[in-house]
Each structure stands twice: as structure tokens, then as C-alpha cells.
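Data block below; observations after.
The values are calculated or read from the model by the stated rules, or taken from the named source; none is laboratory data. Predicted model, so just to flag it, every value in this text is computed and none were measured. All Cβ positions, glycine included, derive from the backbone under ideal geometry; neighbour counts span all protein chains shown.
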Amino acid sequence: MFEHFTVPSELVPSDPRFGVGPSLIPVEFIRDLEKTHHRLLGTGHRKSEVRKLVNELQDGLRTYFKLPAGYEVVLGNGGATFLWDMIGLGLVEKSSLHFICGEFSEKWFKAHSLIPWIKTAEEKVENGQGINPYEKIGYDLICTTLNETSTGVMISDLPKLKNSETLMAIDATSGAGQIAINFNHSDIYYFSPQKVFASEGGFYVSIMSPKAIERALRIEKDMGRYIPECMKWSHAIENSRQNQTYNTPSISTIFYMNEQVKLMNKLGEEKVIELAKKKADLLYSWAEKKEYLSSFVKDVRFRSHTVATIDVDNKFRVDEIAQVLRSQNVAYDIESYRKLNRNQLRIALFHNVSFENLEKLTKIISKMIESI
């Protein structure tokens with residue numbers, strides 16, 4: 001259908017990376033890493049140069065998020081998926097309650113449900129709908145997802161828990177940095193850096209309250225559970241306090257993330273969020289104006305400011321649109337999440353994806369469809 005379409009030169013984006021998977025890492029970050037020569041890559045991760053880098057990253061995150069006193073930035077290898085098990089094994093006393101609005105929040109629930117000594121329960125909505133977490137008697141860990149990467153749903157409210165023995169855990173992977181929360185209402189806020197923070201996967205950041213740290217250390221010390229060494233919170237906390245990780249990390253991952261945090265701190269979180277909302281408004285208003293488009297997330301409160309999901313009339317196949325744009329090096333990875341099986345665009349609104357390029361992308365897709 002679109003095989004003869006050629007993108008006009010004036011509409012070609014300066015960067016074709018619009019995907020919500022691996023992040024748009026600025027080329028200048030790679031050049032800056034090269035300038036460090038032998039000081040970082042190939043250097044032991046417990047040496048002063050690397051620990052200085054880790055310390056800078058931790059301080060940058062404390063500044064950006066304006067973390068409350070006593071909250072710690074805990075780092076480690078494995079990514080957010082690794083943390084589903086690490087949290088279940090080391091932070092749940094007896095029971096966890098999961099709020100599910102897509103593929104990744106459901107995977108977190110399934111990970112905990114496989115642990116024999118944990119009682120799990122789910123509060124689930126259909127794909128494309130949002131659900132805010134709430135407290136429920138009988139559960140000592142509340143699990144919510146800040147932004148569901150698969151569906152483009154974000155939470156709109158984070159309650160303050162009344163029970164002092166209950167923890168609030170937040171998977172913030174595709175929302176951290178562009179969707180604000182009150183950290184006084186959070187105990188474990190974790191994410192992988194390959195989204196807004198423009199780095200690579202296989203690494204995690206977990207921002208932990210004093211209450212969460214106390215529970216993690218107490219479970220490990222007093223409850224007699226078997227926990228694999230690589231999943232022990234005590235190792236992660238102790239090493240992070242020394243500006244290092246328990247086992248050897250990817251230095252380039254930390255470097256790229258630190259460069260992004262410095263970039264975002266120049267603006268501050270409020271301005272970054274403002275820019276994200278502007279990009280979200282662009283995408284959702286485009287969907288409202290075109291009769292062949294519609295926002296997948298109907299409730300405006302839950303429409304993501306980092307991942308836009310736009311349904312397309314079935315007459316115009318998104319996989320064909322995406323294939324043509326990729327072949328011309330104009331736009332990469334704009335298809336829907338594979339398991340949703342929808343004729344849908346899924347477009348990143350991450351900080352490094354510019355408003356101007358998103359505007360060009362909307363014009364290109366409209367031109368393609370309207371030329372039929």
C-alpha cells in the first residue's frame with residue numbers, strides 16, 4: 001500500500017529513533033566516553049575513578065528527584081526484571097498486592113506468585129485502562145507500575161499509606177524522570193535506565209526509603225530465608241553506600257546515564273515534565289484531529305507522558321507504515337507492543353526525542369495515509 005511513498009526531505013527527522021525499547025542515546029555521549037580513554041573502560045569498578053562516577057550519578061539523582069532525607073540510591077546489575085524476584089524474595093514479608101494494567105505489571109505479579117511463601121493478589125484492568133494503587137488490609141507490599149510500557153498507561157495518583165507496616169513499591173522503568181511522584185509516599189521506586197535516562201539495559205536503580213531498607217535487612221537477618229547472593233539487598237545497599245555495585249557493572253551504562261542526568265538537571269524535573277506534557281499533547285491532539293486515528297487510552301488522566309499509544313484504522317496497516325519508514329531511515333520501532341496484537345503506533349516521548357521530530361513524524365504518517 002505504501003511501497004511507493006517517499007518521505008519529503010523537509011520532513012525527515014534529525015534522528016529516526018522513536019522506539020520505547022532501547023533508548024535514544026545521544027551520539028555525543030559516546031564521543032564523551034571515548035575521551036575518557038583508559039580512565040574508565042577496563043578499570044576495576046572499585047577503583048576511585050569509577051566510584052567517583054557512581055557517586056556523581058547518585059548525587060545527580062538525589063538532586064533531580066529532590067529525595068527526602070534518609071532515602072538511598074541503591075544500584076545493581078540485572079535490570080527491573082531482575083528486581084521482580086529480588087523484591088519478592090527480600091522485601092515481601094508475607095503478601096503482595098499487585099495493580100495490573102498491562103504486560104509488565106502482570107509479569108511482576110507472576111514473578112511473586114511463583115514464590116511459595118508469598119500470598120499474592122491482583123487488581124487488574126483491561127489493556128488501555130488505568131488503575132491507581134490503594135491500600136488493602138492483609139498485604140505488606142503494594143506493587144504498582146508508574147507507566148505501563150506495553151499500553152501507554154500511567155498512574156495519576158499515589159496515595160499515602162496509613163499502615164506503617166506496609167511498603168509501596170513502584171516499577172518506574174518507562175516513566176521515571178518525566179512523571180512526578182511524591183517520594184514521601186514511596187518506599188521502593190526502581191527503574192532500568194534504558195528509557196528516559198538514555199542508557200542501556202541490564203542495570204537497575206532502586207530509590208529506597210529508610211523503612212524499606214530496614215525491612216530488607218531484617219528479612220535477610222531474622223527470617224532465615226534462602227536468598228541467592230546476587231539478590232541480597234544487604235550486598236546492594238552496602239556497596240551502593242560505597243559508590244559501587246556488588247558485582248562488576250557495565251561502566252558505559254553508568255556513564256551514559258550520568259551524562260543524561262547532568263543534562264536533565266540543567267533544566268530540572270519540573271521543566272523536563274513540562275516538555276514531556278507538551279509532546280504528549282502533540283500526539284494525543286493529533287489522534288483526536290484525524291478520523292483514522294484514536295488514542296488507545298480513553299481516560300485522559302491515564303494517558304502516558306512518556307509512551308503514546310495511538311490506534312490506527314485497520315485499513316492502514318501500521319506494520320507496513322513502519323517498514324517503509326524504517327527502510328528510508330526515517331523512523332525506527334514505532335509498532336505496537338507485540339502481545340497486544342493491535343494496529344497501533346507506540347511512540348516514545350522520552351526526553352531526547354525532540355518535539356520537532358515528533359511533529360515531523362505525525363506529518364509524515366498523515367501524509368502517507370492521506371495519499372492513499
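Assorted remarks:
- Restricting attention to segment 84-97, the residues being part of a loop (DSSP other than H, G, I, E, B) and touching a helix residue (DSSP H, G or I) at 6+ places or on another chain (Cβ under 8 Å) number 3.
- Counting residues in segment 98-118 that are touching a Ser or Thr at 6+ places or on another chain (Cβ under 9 Å), outside any helix (DSSP H, G or I), crowded, with 21+ Cβ neighbours inside 10 Å and of a type in the set (Ser, Thr, Tyr) gives zero.
- Residue list for segment 20-38, filter: outside any loop (DSSP other than H, G, I, E, B) and either surrounded by 15 or more Cβ atoms within 10 Å (Cβ to Cβ) or among the hydrophobic types (A, V, I, L, M, F, W, C) (or both): 27, 29, 30, 33
- Taking each residue of segment 217-243 that is under 14 Å from residue 206 (Cα atoms) and looking for partners that are part of a loop (DSSP other than H, G, I, E, B) and of a type in the set (A, V, I, L, M, F, W, C) with beta-carbon atoms closer than 9 Å, six or more apart or interchain, yields 233/91; 233/227.
- The single condition among (1) under 20 Å from residue 307 (Cα atoms); (2) surrounded by fewer than 16 Cβ atoms within 10 Å (Cβ to Cβ); (3) touching a residue at least 24 places away in the same chain (Cβ under 8 Å); (4) not hydroxyl-bearing (Ser, Thr, Tyr) that residue 126 does not meet is (3).
- A count restricted to segment 1-35 and to residues that are at pLDDT 90 or above, under 28 Å from the mean Cα position of the chain (by Cα) and among the polar types (S, T, N, Q) stands at 1.
- Here segment 42-97 is the region considered, the condition is being among the charged types (D, E, K, R) and touching a residue at least 60 places away in the same chain (Cβ under 8 Å), and the residue that is surrounded by the fewest Cβ atoms within 10 Å (Cβ to Cβ) is 66.
- Selection status of residue 156, loosely packed, with under 15 Cβ neighbours inside 10 Å, of a type in the set (Gly, Ala, Ser), under 22 Å from the mean Cα position of the chain (by Cα) and in the same structural domain as residue 207 (by TED's automatic domain parsing): yes
- Hey, residue 128 farther than 27 Å from residue 276 by Cβ and of a type in the set (Gly, Ala, Ser) or not: no
- For segment 295-325, taking the residues that are among the charged types (D, E, K, R) and under 24 Å from the mean Cα position of the chain (by Cα), the one that is nearest to residue 5 (Cα to Cα) is identified as 311.
- On inspection, residue 324 fails the criterion of being among the hydrophobic types (A, V, I, L, M, F, W, C), assigned to a loop (DSSP other than H, G, I, E, B) and either outside the structural domain of residue 76 (by TED's automatic domain parsing) or exposed (fewer than 13 other Cβ atoms within 10 Å of the Cβ) (or both).
- Every test in (1) in a loop (DSSP other than H, G, I, E, B); (2) closer than 16 Å to residue 209 by Cβ; (3) touching a Lys or Arg at 6+ places or on another chain (Cβ under 8 Å) is passed by residue 156 save one, and that test is (2).
- Some residue of segment 351-358 being of a type outside the set (Ser, Thr, Tyr), within 17 Å of residue 7 (Cα to Cα), touching a helix residue (DSSP H, G or I) at 6+ places or on another chain (Cβ under 9 Å) and not assigned by TED's automatic domain parsing to the domain that holds residue 128: yes
- Residue check, residue 287 within 14 Å of residue 20 (Cβ to Cβ), outside the structural domain of residue 132 (by TED's automatic domain parsing) and within 25 Å of the chain's Cα centre (by Cα): no
- Within segment 335-349, being buried (at least 24 other Cβ atoms within 10 Å of the Cβ) and outside any strand (DSSP E or B) holds for one residue alone: 349.
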